[in-house]
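Novice: Here you go, one structure.
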Amino acid sequence: MAEPRVRVPSTVKQGEIIEIKTLLSHPMETGHSRDVYGKLIPRYIIHTFTCTYNGEEVFRADWHPAIAANPYLAFYTVATESGHLRFEWIDDKDTVYATEAEITVV
Amino acid sequence: MQYTITCRTELLSRRTLLQRLGAAAILMVMGPAGAWATQEAVQQAIRQLIGAREPQPGGVTLRLPKIAETGNSVPLTVTVDSPMTPEEHVLRIHVFVEGNPEPVAATYHLGPRAGKAEVSTRMRLARSQTVLALAEMSDSSVRSGAASIVVTLGACVEEVWGN
């Protein structure tokens, strides 16, 4: 399983608004397409993404099948304090893909 | 007219091909009914998410290409005008895709800690359509924005086989 990828600036000024970019390898099967035998391929998507900043949730996404495979997501947060950002993706098989990033606020 | 193209590269036997063409012909006659979300389904989804509140157009910008060669991965950025302060911020952004089988694409939960109400993803679009975004604000008002896109070859065109 490919590791999720996140891009977070490592050192920022206090109060700065930072952009976070994330990418995860996932088929995001819609549940609407069929295999070569005409059988429906069951839905298999990431339905929830969360970003917590030192344990507090700062951003969450609820996804449906209209999100492309290998979901890319970019959003913003305010750099309040030094610490760690945790990113979690949960799919239909309850698999949790997680990664963390350290941030230093000066 | 609905085209039936599978994304897979496989060698079809003549028999399979003929069977599929037959099925496709029937489907073309029947039309793609049921393959896309209906306007009622979209309205229902909107009501479920924002209740009886009436969205006010403006303040929500969608950055979406005008034309996409395929609908498999279309970049979309939604931006909401908001100072994103504890007093005045965006709570949620909902994205609706009326031309897809399921009307809701995504819901993003934000707050004052987001700093900026902007989210980017890549969408899967089944056909040409208008993408709608609604933003629920902290004062319980709802803002809306929309963008149209022409999709030359939709995502998951194979679904036509089964419907």
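The values are calculated or read from the model by the stated rules, or taken from the named source; none is laboratory data. Bear in mind that the values here come from a model prediction, so they are computed numbers and not experimental data. Note that each Cβ is placed from the backbone with ideal geometry, even for glycine, and that neighbours are counted across all protein chains shown.
Novice: May I ask you to list the residues in segment A:72-92 that are without any contact (Cβ under 8 Å) to a residue 60 or more places away in the chain and touching a Ser or Thr at 6+ places or on another chain (Cβ under 7 Å)?
Specialist: A:TYR72, A:LEU73, A:ALA74, A:SER82, A:ARG86, A:GLU88, A:ILE90, listed by residue number.
Novice: What number of residues in segment B:102-155 are part of a strand (DSSP E or B) and of a type in the set (Ser, Thr, Tyr)?
Specialist: Filtering segment B:102-155 for residues part of a strand (DSSP E or B) gives B:104-109, B:118-123, B:129-137, B:142-153.
Next cut, of a type in the set (Ser, Thr, Tyr) only: B:107-108, B:120-121, B:130, B:144, B:148, B:152.
Summing the residues that are part of a strand (DSSP E or B) and of a type in the set (Ser, Thr, Tyr) in segment B:102-155 gives 8.
Novice: When you go through A:ILE67, A:ILE103 one by one, which is the residue that is over 20 Å from B:HIS109 (Cβ atoms), at pLDDT 95 or above and crowded, with 20+ Cβ neighbours inside 10 Å?
Specialist: Going through A:ILE67, A:ILE103 in turn, the sole match is A:ILE103.
Novice: Out of all the residues in segment B:54-63, is one or more farther than 22 Å from B:ARG143 by Cα and either at pLDDT below 90 or surrounded by 15 or more Cβ atoms within 10 Å (Cβ to Cβ) (or both)?
Specialist: The first filter runs over segment B:54-63 and keeps only residues farther than 22 Å from B:ARG143 by Cα, leaving none.
No, segment B:54-63 has no match at all.
Novice: While we're looking at this one, here's another question. Could you list all residues from segment B:69-88 that are more than 10 Å from chain A (Cβ to nearest Cβ) and either under 18 Å from B:ARG113 (Cβ atoms) or at pLDDT 95 or above (or both)?
Specialist: Result: B:VAL78, B:THR79, B:VAL80, B:ASP81, B:SER82, B:PRO83, B:THR85, B:PRO86, B:GLU87, B:GLU88.
Novice: For B:VAL104, state whether it is within 10 Å of the chain's Cα centre (by Cα), facing chain A (nearest Cβ under 7 Å) and β-branched (Val, Ile, Thr).
Specialist: The answer is yes for B:VAL104.
Novice: What tally of residues in segment A:73-85 results from selecting those that are in contact with a Gly (Cβ under 8 Å, 6 or more places away or on another chain), part of a strand (DSSP E or B) and surrounded by fewer than 18 Cβ atoms within 10 Å (Cβ to Cβ)?
Specialist: Total meeting the criteria: 0.
Novice: While we're on this one: Looking only at residues in segment B:80-111 that are without any contact (Cβ under 8 Å) to a residue 40 or more places away in the chain and either more than 20 Å from A:GLU19 (Cα to Cα) or β-branched (Val, Ile, Thr) (or both), which one is surrounded by the fewest Cβ atoms within 10 Å (Cβ to Cβ)?
Specialist: Ranking the candidates gives B:THR85 first.
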